Amino acid sequence: MPFSALGLSAPIISAVTAQNYLAPTPVQREAIPAVLRGADVWAQAQTGSGKTAAFALPILQTLMDSPPHSRREIGVLVVVPTRELATQIAESFNIYSEFYPYGLKIVTAIGGVSINPQMMDLRGGADIVIATPGRLLDLVDHNALRLNTVSVVVFDEADKLFDLGFAEELGRMIPLLPKDRQTLLFSATFPPEVSALAESVLRDPVRIEIAASAATTPIIIERAIEVDTPRRTQLLIHLIAENGWDQVLVFVATKYSTGHVAEKLRRAGLTAGSLHGELSQSARVQAMTDFKAKTTQVLVTTDLAARGIDFTQLPAVVNYDLPRSVVSYTHRIGRTGRAGETGTAISFVSLDTFAHFQLIEKRCERVIPREVVPGFEPNALPSIGPKPTGGIKGKRKSKKDKLREAAARAAGRSGADTNTDQLSQ
Ligand code: AMP
């Protein structure tokens, strides 16, 4: 089925054609006609399924169908959990409106940067506002925007909005929205809070559940390499050369390590950037833009870049430091192998982190064979390290305790600063 069969007109079809989208993805096939009909939508869709276009394309079509003079003060509001996702969605709206017949005002309202330019941008209204919840409410408090004219609201990655603690902000925001609006809710999972939100904000929604298909199921080859902690950077450099990766995303545990490891890579002649939540917003955007544009080959980051961000054609992810939780492991490795491409996710495992990695495997319900790279054989073989099943009878440690201990050991090894990244605001 071509895009033209979904009710989209020439300027929008030209934009998707320019992006080499040959046909709509399953979530797009179902969501686009429903949004064009004006229905509320409740969709289960992962990042990577094409969900942004699933709401952006019909929204752009609807705006195009209403002449500029009839526009509302704020036409469309997209609420997202992180600044990076907001920026990415704004980029997508810009790309998809490339052949639009008239100018569109798209404003990104996110925390971490000065509020004043956003207040100026919002003067006279905007066609589309893409916002994180905290900054959106700040702008409302400053009388820089009113939500009572919004005609379409999108809650994107609704599960993460709750994960990141935005329940209170949502509770304040929703009563400010007009009742006669169209609401679209996208979420990868539906924990009880998301279902409750859906019940309270959606009217007779079209339900869309997309079974993971071959095109969207990531193909990720997971590897675990045993290496002594001090030799990880050399091993990383070796792997980049050996595998010919044109790009690699490297996860470390602390903001200090992002700069430290990137610097060592630069000294070895690689182009490397670093990213963490305490950089200024402009530095974060720059690091991300350079990496996406392939100006930098390696991006060394904390968990900040693990969620929601779409890196196309990223061949490899390396867990230089192991993630603390299985959820984080899944988010990290999910940055590669997107849109049906094959990706490699490598975890470095040392004596200190051996037990922690076993717990990750156990929780993921899979066993990732340990490898040793010639020339980087560990002195202390992790395979003789402590097993997580030990313990004194009656004093057996819980899994949580073991994970905490392993994380504390890993953090202690990497320096004093802890990973206090905020994913948003
Ligand atoms: P998303 O799920 O919105 O994060 O999109 C994931 C990736 O799929 C992005 O890089 C999009 O550019 C790409 N994409 C979206 N729709 C299509 C399509 N119909 N065909 C090919 N690629 C697409």
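Here segment 303-315 is the region considered, the condition is being surrounded by fewer than 24 Cβ atoms within 10 Å (Cβ to Cβ) and closer than 26 Å to Thr229 by Cβ, and the residue that is farthest from the ligand (Cβ to nearest atom) is Asp303. Whether a residue is at pLDDT below 95 and not polar (S, T, N, Q) was assessed, and Gly124 passes this test. Gly48 falls short on exactly one of the conditions (1) out of contact with any Lys or Arg (no Cβ under 8 Å at 6 or more places or on another chain); (2) open to solvent by 20 Å² or more (accessible area, probe 1.4 Å), and that condition is (1). Here Leu104 passes the criteria (1) within 16 Å of the ligand (Cβ to nearest atom); (2) assigned to a loop (DSSP other than H, G, I, E, B); (3) in contact with a helix residue (DSSP H, G or I) (Cβ under 8 Å, 6 or more places away or on another chain) except the one numbered (1). If you go through segment 15-33 and pick out every residue that is open to solvent by less than 50 Å² (accessible area, probe 1.4 Å) and of a type outside the set (A, V, I, L, M), you end up with 5. The single condition among (1) modelled with pLDDT under 95; (2) near the ligand (Cβ under 10 Å from one of its atoms) that Ser92 does not meet is (1). Residue check: Trp42 meets all listed conditions (1) surrounded by 21 or more Cβ atoms within 10 Å (Cβ to Cβ); (2) within 15 Å of the ligand (Cβ to nearest atom) but one, namely (2).
Within segment 45-63, the set of residues being within 13 Å of the ligand (Cβ to nearest atom), in contact with a strand residue (DSSP E or B) (Cβ under 8 Å, 6 or more places away or on another chain) and assigned to a helix (DSSP H, G or I) comprises Lys51, Ala54, Phe55. Scan segment 328-349 for residues that are among the aliphatic types (A, V, I, L, M) and at pLDDT below 80 and the total you get is 1.
Taking the criterion of being hydrophobic (A, V, I, L, M, F, W, C), touching a residue at least 12 places away in the same chain (Cβ under 8 Å) and either open to solvent by 40 Å² or more (accessible area, probe 1.4 Å) or outside any loop (DSSP other than H, G, I, E, B) (or both), the residues of segment 1-14 that qualify are Met1, Phe3, Leu6, Ala10, Ile12.
The values are calculated or read from the model by the stated rules, or taken from the named source; none is laboratory data. Since we're looking at a predicted model, the values are computed, not measured. Ideal geometry is used to build each Cβ from the backbone, glycine not excepted, and the neighbour counts take in all protein chains shown. Surface accessibility is based on the protein's heavy atoms, side chains included, excluding ligands, DNA and RNA. Shrake-Rupley method; radii C 1.70, N 1.55, O 1.52, S 1.80 Å.
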